[in-house]
1. Run through segment 120-157 and list the trypsin sites (Lys or Arg not before Pro) located in a DSSP loop whose Cβ has at most 16 other Cβ atoms within 10 Å.
2. I need the helices of the chain that pass two filters: whole DSSP H segments spanning 24 Å or more by Cα along the axis, and mean Kyte-Doolittle score no lower than 0.0.
3. By a straight-distance test (C-alpha under 20 Å), which lysines pair with LYS130 as possible cross-link partners, with residues fewer than eight away in the same chain excluded?
4. Report the relative contact order of the chain, percent, no decimals, based on alpha-carbon pairs under 8 angstrom and at least 6 residues apart.
5. Given contacts defined as C-alpha pairs under 8 Å and at least six residues apart, what's the relative contact order of segment 72-204, whole-number percent?
6. Connecting C-alpha atoms closer than 10 Å in a GNM of the chain, tell me which of SER55, SER95, SER46 has the biggest fluctuation.
7. In nm, give the distance between the simple-model label positions of SER173 and THR91, each being 7 Å from the Cα along the Cα-to-Cβ direction.
8. Whole Å is fine, so just give me how far the alpha carbon centre of segment 12-84 lies from that of segment 91-112.
Amino acid sequence: MKSDSKLLFYVQILDSALPIGGFSHSFGLETYIQDGKINNLQELESFIHSQIHHSLVRFDSLAIKGIYESIQQQDYEMVFFFDQIINVQRTARESREALLKMGKRLLKLAHTIYPWMNLKPLKEYFIKNKSITLPTVHTYIAFHLGIGLDETVKGYCYTNVVTTVNSALRLMSIGQTDGQVIISRAIPVIEEEWGNVKKLNPETLHSFAPEQEIYAMNHETLYSRLFMS
């Protein structure tokens, strides 16, 4: 891989069309909309910003920081410690399964599109545990593409925002332009929120979003569902 191509290789896994199953999951958004809690662009944007503040940055992103730094130190015991934390700390069963399914698919895809990348540590872990989360695989790929920690975190948060917006486009009466406006407004929020916590010890990772967790858990009891989570 040419060093000046690393950004494009990374952008490839940020693409919303990446075939890892993200389009199948709303992570609780569908429940909010069916329950009448999110009805318009303003409420959708508030939901996304809340996710960034309460969960994406303070939990997933600090876990990514721990994974990234552990890979730097070649401490794979700690890499997979954070992977397990990411998994077990998700209350909703569907949300846990979604991250595991997407992690498995990204690992398989990486083997095909990055044939030169050493994925052996991830493969061995997956064979042993039969599971691996999406943030772990995403971080491992970004690290081996030469992407910095800040860009890895912000890229992961960006893909989550895009996934949520794309879900909303199928669930609500909003247009593509509206969706892009929400994404563009979320970018500085990601920047600011990550700046507030980036110096924290990764082991202090935390999340406080009980309402979002309850709505994610209630998704599997909906009478009709478009999404798997």
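1. When the trypsin sites (Lys or Arg not before Pro) of segment 120-157 are filtered for loop state and at most 16 Cβ neighbours within 10 Å, LYS130 remain.
2. 149-171
3. LYS101, LYS104, LYS108, LYS120
4. Computed over the chain, the figure is 41 percent.
5. That works out to 19 percent.
6. Looking only at SER55, SER95, SER46, the largest GNM fluctuation is found for SER46.
7. Taking the two extended label points, one gets 3.3 nm.
8. Using only Cα atoms to place each centre, the spacing works out to 12 Å.
Bear in mind that the values in this text are calculations on the coordinates, not laboratory data. None of the values given here were measured: they were computed from a predicted structure. Heads up, the Cβs are rebuilt from the backbone with ideal geometry, glycines too, and the neighbour counts pull from every protein chain shown.
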